[in-house]
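Step one of this worksheet: look at the structure below.
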Amino acid sequence: MPTIYPVASLRADPPSLAPDYVSTRKRAPSKPLVLLPHTLSELTGPVYGHESVVEGDDDLTRQHTGEPLGERIIVSGRVTDESGRPVPNALIEIWQANAAGRYVHVKDVHDAPLDPNFTGAGRVVTDGDGRYRFTTIKPGAYPWRNHHNAWRPAHIHLSLFGPSFLTRVVTQLYFPGDPLLALDPIFLSIPDERARSRLISQFDIETTRPEWALGYRFDIVLRGREATPVEEPHDD
Amino acid sequence: MTDGPDGGEVITPSQTVGPFFAYCLTPSAYKYRQVFSSDLTAHGAEGRRIHIEGRVLDGDGELVPDAIIEIWQADAAGAYARADQGANAAFRGFGRAECDGEGRFAFTTVKPGRVPGPGGASQAPHINVGVFARGLLKRLFTRIYFADEANEADPILALVPEGRRPTLMAEPSSAGSTHYTFDIRLQGDAETVFFEA
């Protein structure tokens, strides 16, 4: 059998039940999880790379006839595994609220304006060195009904496929200095402070484009260690 | 940040998919190109076509209308799609479906073959399942087995308490039918078995 991914790495994740995030109370499993050996079923995974994206998917500010309102930003970073090795050709799906904190989704009833020039959905694929970059608008905070006067910190949703079923992750990117982070039960559900800090992007003057857009850096670490995988893709 | 287990890097932790993912992840109702489908046979696939329908229910038995289900499976011969086949593989083995307003999801696919398991054992036909939703801070991971297959010697089912194994079985609507039902119960007495891996 191939070497398995370290299960201990999953300690970075939040628990399923985080009672302050009220929706977890009736949706979190109550019975013990069954620990699974890593078989071919877990160590393989769907491969969706460059053919999944088309031109313009990586620029959420250019998907309509006009320019969206808000603060234009460039988010970039590198996707690596736990050993620091790059994860190339990995699809990242991106979605977010607009600058006013309103989602295009039909069920979002927040009393804030939609922007006819902003949908808030994008896709990007990492290059051979695991790097990615997309351009968007800084999302606004928005209220939710978890508790009295609850507001989500500004965030961008990211969905990643790594090389296997076990590297699949959906997460959220936050912004530095956001005072709502200290009050957000979703962010605070992550017990480990170092793991939480993974989700806070960093302002980056190097990727800031003069006269155009602020840069934020967001590096992503997927599961997987040296000696982990699995099979060479061409060995049979 | 190198303080993960065994000196590795701390992984990026999971966060909930939230309630508003559809216009990116399952955007057929929005004007955004769809990459993933709930019909895994759309590009042609060898094998026996099957339909799997189910519901997602919470700890009160209420239907969950805002979940998203992903599946990953071997083809009818028991082979998983590989990176070097890329988009040329007729059967890519991955599907995605959102629940409708009544908590129902559906996939069209082929019955997977047996695949290698631990220690040279073979695993009964199964489909890997990931569940995401508002209120789920991380993906829930389960498997669909088939009640009409020979599951007795499956090495993974053997790890599951016998009384809970039926929660992993897709049931054919009648003997020999290609329509299966598989409900996902997130919490409670009849809770679906979820795995950690």
Conditions (1) at the interface with another protein chain (Cβ under 8 Å from one of its Cβ atoms); (2) crowded, with 22+ Cβ neighbours inside 10 Å; (3) closer than 18 Å to B:ALA22 by Cβ -> A:PHE165 fails only (3)
Out of (1) hydrophobic (A, V, I, L, M, F, W, C); (2) crowded, with 23+ Cβ neighbours inside 10 Å; (3) in a loop (DSSP other than H, G, I, E, B), the one A:ALA99 does not meet is (2)
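Look at region A:23-45 and say how many of its residues are more than 7 Å from every other protein chain (Cβ to nearest Cβ) and surrounded by 15 or more Cβ atoms within 10 Å (Cβ to Cβ). It would help to see each step written out before you state the result.
Step one: of region A:23-45, the residues more than 7 Å from every other protein chain (Cβ to nearest Cβ) are A:25, A:32, A:43.
Okay, now just the ones that are also surrounded by 15 or more Cβ atoms within 10 Å (Cβ to Cβ), so A:25, A:43.
So the count comes out to 2.
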Those residues of region B:144-180 which are more than 8 Å from chain A (Cβ to nearest Cβ) and either touching a Cys at 6+ places or on another chain (Cβ under 7 Å) or of a type in the set (Lys, Arg) (or both) amount to B:ARG165
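What tally of residues in region B:145-187 results from selecting those that are touching a Gly at 6+ places or on another chain (Cβ under 9 Å) and either assigned to a helix (DSSP H, G or I) or within 23 Å of B:ALA97 (Cβ to Cβ) (or both)?
Narrowing region B:145-187 to residues touching a Gly at 6+ places or on another chain (Cβ under 9 Å): B:148, B:154-156, B:170, B:180-187.
Remaining after also requiring either assigned to a helix (DSSP H, G or I) or within 23 Å of B:ALA97 (Cβ to Cβ) (or both): B:148, B:170, B:180-187.
The qualifying residues number 10.
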Name the single residue, out of those in region A:111-129 being among the aliphatic types (A, V, I, L, M) and part of a loop (DSSP other than H, G, I, E, B), that is surrounded by the most Cβ atoms within 10 Å (Cβ to Cβ).
-> A:ALA112
Failed item in (1) of a type in the set (Gly, Ala, Ser); (2) in contact with an Asp or Glu (Cβ under 6 Å, 6 or more places away or on another chain); (3) on the phi > 0 side of the Ramachandran plot, with B:GLY176 passing the rest = (2)
Is there a residue being surrounded by fewer than 16 Cβ atoms within 10 Å (Cβ to Cβ) and more than 14 Å from every other protein chain (Cβ to nearest Cβ) anywhere in region A:227-236?
-> no
Which residue, of B:VAL115, B:VAL131, is within 27 Å of A:LEU91 (Cα to Cα), in contact with a Leu (Cβ under 6 Å, 6 or more places away or on another chain) and buried (at least 23 other Cβ atoms within 10 Å of the Cβ)?
-> B:VAL131
Working only within region A:151-164, note down all residues that are in contact with a Pro (Cβ under 9 Å, 6 or more places away or on another chain) and closer than 18 Å to A:SER52 by Cα.
-> A:PHE161, A:PRO163, A:SER164
Those residues of region A:46-71 which are touching a residue at least 24 places away in the same chain (Cβ under 8 Å), of a type in the set (A, V, I, L, M) and surrounded by fewer than 19 Cβ atoms within 10 Å (Cβ to Cβ), in sequence order | A:LEU69
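Within the group B:ILE69, B:ILE50, which residue is more than 20 Å from A:GLY45 (Cβ to Cβ) and in a strand (DSSP E or B)? Explain how you work it out, then say what you get.
Details: B:ILE69 fails: more than 20 Å from A:GLY45 (Cβ to Cβ).
Testing whether each residue is more than 20 Å from A:GLY45 (Cβ to Cβ) and in a strand (DSSP E or B) leaves just B:ILE50.
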Residue by residue through region A:104-123, note down the ones that are among the aliphatic types (A, V, I, L, M) and at the interface with chain B (Cβ under 7 Å from one of its Cβ atoms).
-> A:VAL104, A:ALA121
Restricted to region B:118-162 and to residues being polar (S, T, N, Q) and under 15 Å from A:HIS38 (Cα atoms), the residue farthest from the chain's Cα centre (by Cα) is B:SER122
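I'm trying to understand the selection: among the residues of region B:176-188, which are at pLDDT 95 or above and exposed (fewer than 15 other Cβ atoms within 10 Å of the Cβ)? Walk me through it before giving the result.
Taking region B:176-188 first, the residues at pLDDT 95 or above are B:177-188.
Correct list: B:SER177, B:THR178, B:HIS179.
The values are calculated or read from the model by the stated rules, or taken from the named source; none is laboratory data. Remember, it's a predicted structure, so these values are computed and weren't measured experimentally. Neighbour counts are summed over all protein chains in view; Cβ atoms, including those assigned to glycine, are modelled from backbone coordinates with ideal geometry.
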